[in-house]
Ligand code: ATP
Ligand code: MG
């Protein structure tokens, strides 16, 4: 974080005075090419093609959002978003079969370059200004709020000056102009970038009401960039988490993935808890955290997030089912205890507990079916991996979810389940052998894990701190 701010600060101090006033309107600044440090070589080739394609067709075209912010901070952008005055159908006419129009609530164009997709958004307008081409009736049709002030549709198009006020944070509101390679700043974003602040544009409470996901975005960017959330942007968050219930569960699932798969999951968790938002995202896990005497649940999810963060930072893939399996493991074990107490068999208890916990979680976030199936596999393998002798070993090793399940055993060991260390080490060693040696290794009587642990605790299959 310090490094990031120093970089922006030194960029400022090494340059001439202030950026020049803007030709767009009096309230903005234009940062010339010589002063912003963004070069076209840092911009994705597909994004450049889209920018130039729009420009050649006579439209305004800007790189916006996270890409400009991240390039200014010396971070490699995750994606390259573009804003233009061309309307979706006009964008489609420019890029023809490459272009698909998507979204109802917020209509966008996707321009495809193989697997690379560049998202192009038409400037959003407020529908009030002279620039708006729609009648009041049409406006109601294209832009709509529900009774609580939530924006349920926003397809009124406008000018760049209007578009600015529809964006979320000032630092996400810099426009790189392909016409002359300048950066346009309407919201004093550069000052916030320099001081490391996340500031919502407009009245924070209204902006959160329009779209509660902005609260999650504040935490995501604060964690990712190491920025502070500015006071007035921060204050309403403590009070407004209940609004998440109005966000579609499918969108919540996507946002939760972005939160925890951004490489700063441990910090995200800490901030979500600080702001009292975690309870709305993983209610069952939160309940256990509140009553977590030996802090085991906390250690477990922190270890899981540390392992996910490390994978992301070293460029490895991550799987949503691992995240959800880890977050919901302890709630699942608790439910399993209940079913065992009621006399269910181990298999039945596991199956029913998984149903209960997944069923309760989807009141907060959706979990697509393919991931719930994978979560069940990871959970089930937690009970199967400790029994690895003979022919079982190879069968388990070939299980599609072996690696995730093995990693999760590792997480549990790091969180303090020492009795699992032997199991984890055994599998680590097994994987290091060549296939022929693996058979001998699995059959080696000395390594055979024949002694079952004495059954203690409420759940005999539960190998944790109380076992
Ligand atoms: P990331 O690094 O995650 O891509 P980003 O800032 O680019 O960060 P995107 O979700 O890609 O975020 O969105 C692109 C831009 O669109 C944002 O920078 C912001 O200007 C605007 N935006 C996105 N979501 C919202 C929202 N919910 N409310 C207002 N503006 C938004
Ligand atoms: Mg982006």
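Using a Förster distance of 30 Å, how high is the FRET efficiency between residue 27 and residue 78, based on the Cβ-Cβ distance and rounded to 0.05?
E between residue 27 and residue 78, to the nearest 0.05, is 0.55.
What nm value, rounded to one decimal, do you get for the distance between residue 373 and residue 436 when each label is placed 7 Å out toward the C-beta?
3.8
Compare the peptides 222-233, 433-444 by average per-residue count of other Cβ atoms within 10 angstrom and give them in order, highest first.
222-233, 433-444
What does the highest-first list of 320-332, 356-368 look like by mean Cβ count within 10 Å?
Averaged packing, sorted descending, gives the order 320-332, 356-368.
What is the pair-distance distribution P(r) of the chain, computed from all Cα-Cα distances in 10 Å bins starting at 0, with each bin given as a whole percent?
It works out to 4, 17, 25, 22, 15, 11, 5, 1, 0, in whole percents.
Taking 0.36 nm per residue of separation and subtracting the Cα-Cα distance, what length does fully extending residue 165 through residue 116 add?
Gain on stretching residue 165 to residue 116: 14.8 nm.
Between residue 348 and residue 52, with labels modelled 7 Å along Cα→Cβ, what's the label distance in nm to one decimal, could you check?
Between residue 348 and residue 52, the label points sit 6.8 nm apart.
Would you mind ranking 408, 244, 260 by Cβ crowding within 10 Å, fewest neighbours first?
Fewest to most other Cβ atoms nearby, the residues stand as 244, 408, 260.
Using r as the Cβ-Cβ distance of residue 360 and residue 306, and R0 as 30 Å, what FRET efficiency do you calculate, to the nearest 0.05?
0.70
So what is the relative contact order for segment 282-443, in percent, with contacts set as C-alpha pairs under 8 Å and at least six apart?
25
Would you mind classifying segment 282-443 by shape? Square roots of the alpha carbon gyration tensor eigenvalues, ordered a ≥ b ≥ c; an a/c under 1.5 is rounded, otherwise it is prolate if a/b is larger than b/c and oblate if not.
prolate
Please work out the FRET efficiency for the pair residue 89 and residue 383, using the Cβ-Cβ distance as r and a Förster radius of 56 Å; give the result to the nearest 0.05.
0.50
If you fit an axis through the alpha-carbon atoms of helix 2-13 and take the longest principal axis of the Cα set of the chain, what angle between them do you get, 0 to 90°, nearest 10?
10
What ranking, highest mean first, results for peptides 249-256, 155-162, 342-349 when packing means the other Cβ atoms within 10 Å averaged over each residue?
Most protected by this proxy first, the peptides run 155-162, 249-256, 342-349.
What's the angle, to the nearest 10 degrees (0 to 90), between helix 421-432's Cα axis and the longest principal axis of the chain?
80
Quick check: residue separation of residue 245 and residue 101 times 0.36 nm, minus the Cα distance between them. What number comes out in nm?
Fully extending the segment from residue 245 to residue 101 adds 49.0 nm.
Could you work out how far helix 296-313 tilts from the main Cα principal axis of the chain, as a 0 to 90 degree angle to the nearest 10?
The angle comes out at about 60 degrees.
Values in this text are rule-based calculations from the coordinates and carry no lab data. Since the structure is predicted, the reported quantities are computational estimates derived from the model, not experimental observations. Cβ coordinates were reconstructed from backbone atoms using ideal geometry, including for glycine residues, and neighbour counts include every protein chain displayed.
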